[in-house]
Amino acid sequence: MFKRLAIILSPLLLLLYVNPAYAIPPAIITSWQETLLAERPCLERAEIALRDTGFSDNFDIVQQSVFGDRGEYTASIRCIPDKEMVFFIVVGYNSDERERLINSIKANF
């Protein structure tokens, strides 16, 4: 019984072990800053900041957030005018690159 189970599960376990996509999940970095911008101007600025940083693939604006992809990285900027803040998010695999990208997005905002 154990031998049969091992034979059945071996290819699945090998696939999980060998495939790097399953080995290390992407991580997230966040940051925020204060803003006095109203929602519409904030979203316009967020759109420019993401596009100028290269996050122009799968670009979308949904309610208070702007999203974009750049290779293996995804970024979002959320405008929260009621709290006078803007929230930045970058998701990806390399921590140094995530930090570089979020700093670039904030500088472009």
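Throughout, read-outs are computed from the coordinates displayed, never taken from laboratory work. Model, not experiment: these values are computed from the prediction. All Cβ positions, even for glycine, are placed from backbone atoms using ideal geometry, and neighbour counts span all protein chains on display.
The 3J(HN,Hα) values that the Karplus relation (6.51, -1.76, 1.60; θ = phi - 60°) gives for region 25-40 are, in residue order, x, x, 10, 10, 10, 10, 7, 8, 8, 6, 8, 9, 5, 6, 4, 4 Hz. Gly and Pro appear as x.
In this structure the amide hydrogen of Leu37, modeled in the peptide plane, comes within under 5 Å of no amide hydrogen from residues 5 or more places off or on another chain. Trp32: net charge of surrounding residues, Cβ under 11 Å, Lys/Arg +1, Asp/Glu -1, itself excluded? Every neighbour counted, the sum reads +1.
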